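A.B. asks: Sharing a structure here in structure tokens format.
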Amino acid sequence: MYFLISGEGPADIGICRNGHMVCYGENFRKGPMASVADQIVRSKAMDSIFANASRFEFVANQKLSAVAGGFKAVRKTIRLPGKKAKKETRYFFNNARALAKLAKEKAQHSHAPVVAILFRDADGTASAARGQWADKYQSMLDGFAEENFSGGVPMVPKPKSEAWLICALKAAGHQNCAALENRSGNDHSPNALKDELAGLLPRNGAHDWLCAQIDQDQILINEIDMPSFNKFRTRLEEVLGSVPPG
């Protein structure tokens, strides 16, 4: 099994240390959302995504944009957002198409089934201009389907990845986490999720500490109970169960 993973930056899935748009092995600096996905994979009695450098690849969002730029316009179908669809929703669709295209190419070259995990925050600073979470999630599924790729997994925290991590870290034992999804994703808003998460982390080396805690199962991701997280976990488990190891 081969994994393609893509995200928005170092605070979520990760980043290439060498500045490239595609990397693997030591050139990839893992982010906490990559560790989250990996813990779910390991919980299914599978090897870590990152156990073998020749079995995973990180794809930066700039690479997906470059691939998507070569797409011809897709005829309006039940899968493609219509004229009134917000630009952000179509962006999610095209990103999924691009990752699916790369995944299919990788499957041909590696002779192994490919699982492609695409991370995007659902809501950011321009929340008023963005579509609904369900539209974005479905747009990713539709983008994967447009390329006839069945191994795609949307990873779309609501409103953003900090909400999942706060749920995993909070002292109340993962209780009432669904309410976090109703918070603003604006980092400059009062009671910002980014600030709340920072208060739960060590002041120095927070990134590496968080990844290590998840990797060592000191933070139990599967205890998170939030609609957007449950959707991701269920989809990932479905895809993992549908492809033979290899």
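Laboratory data are not the source of any read-out in this text; all were calculated from the coordinates shown. Just so you know, these numbers come straight off a predicted model, no measurement behind them. Here Cβ is always computed from backbone atoms with ideal geometry, including for glycine, and neighbour counts include all displayed protein chains.
A.B. asks: From the helices alone, meaning DSSP H stretches of at least four residues, give me the mean residue ellipticity at 222 nm for the chain, per-run term -39500 (n - 2.57), in deg cm²/dmol to the nearest 500.
C.D. replies: -13000 deg cm²/dmol
A.B. asks: Based on the inverse mean of 1/r over its pairs of different Cα atoms, what is the Kirkwood hydrodynamic radius of the chain, in Å?
C.D. replies: Kirkwood hydrodynamic radius for the chain: 18.2 Å.
A.B. asks: Here is a follow-up. Ranking Asp215, Asp38 by Cβ neighbours within 10 Å, fewest first, what do you get?
C.D. replies: Fewest-to-most ranking of Asp215, Asp38: Asp215, Asp38.
A.B. asks: Another question about this same structure. Give, to the nearest whole percent, the P(r) tail of the range 183-246 beyond 19 angstrom, counting all Cα pairs.
C.D. replies: Summing the P(r) of the range 183-246 above 19 Å gives 56 percent of all pairs.
A.B. asks: Suppose every Lys and Arg Cβ carries +1 and every Asp and Glu Cβ carries -1, with no other charges. What dipole size does the chain come out with about its Cα centre, to the nearest 20 debye?
C.D. replies: 1100
A.B. asks: Please arrange Leu99, Leu64, Leu169 by counting, for each residue, the other beta carbons lying within 10 Å of its beta carbon, fewest first. Write down the numbers at each step before the final one.
C.D. replies: Working: Leu99 30, Leu64 22, Leu169 16.
In order of increasing Cβ crowding within 10 Å: Leu169, Leu64, Leu99.
A.B. asks: Same structure again: Using the Cα centre of the chain as origin and beta-carbon charges of +1 (Lys, Arg) and -1 (Asp, Glu), tell me which of Phe229, Gln108, Val36 is placed farthest towards the positive end of the dipole.
C.D. replies: Gln108
A.B. asks: If neighbour count is taken as other Cβ atoms inside 10 Å, put Val115, Val243, Val67 in order from fewest to most.
C.D. replies: Lowest count first: Val243, Val67, Val115.
A.B. asks: Continuing with this model, one more query. Which distance in Å, rounded to a whole number, links the C-alpha centroids of the range 89-114 and the range 1-35?
C.D. replies: For the range 89-114 versus the range 1-35, the Cα centre distance is 16 Å.
A.B. asks: Which order do the peptides 23-29, 189-195 take when ranked by the mean count of other beta-carbon atoms within 10 Å per residue, highest first?
C.D. replies: 23-29, 189-195
A.B. asks: Further question on the same structure: Project the alpha carbons of the range 136-246 onto their principal axes and report the range along each, largest first, in whole Å.
C.D. replies: 44, 31, 25
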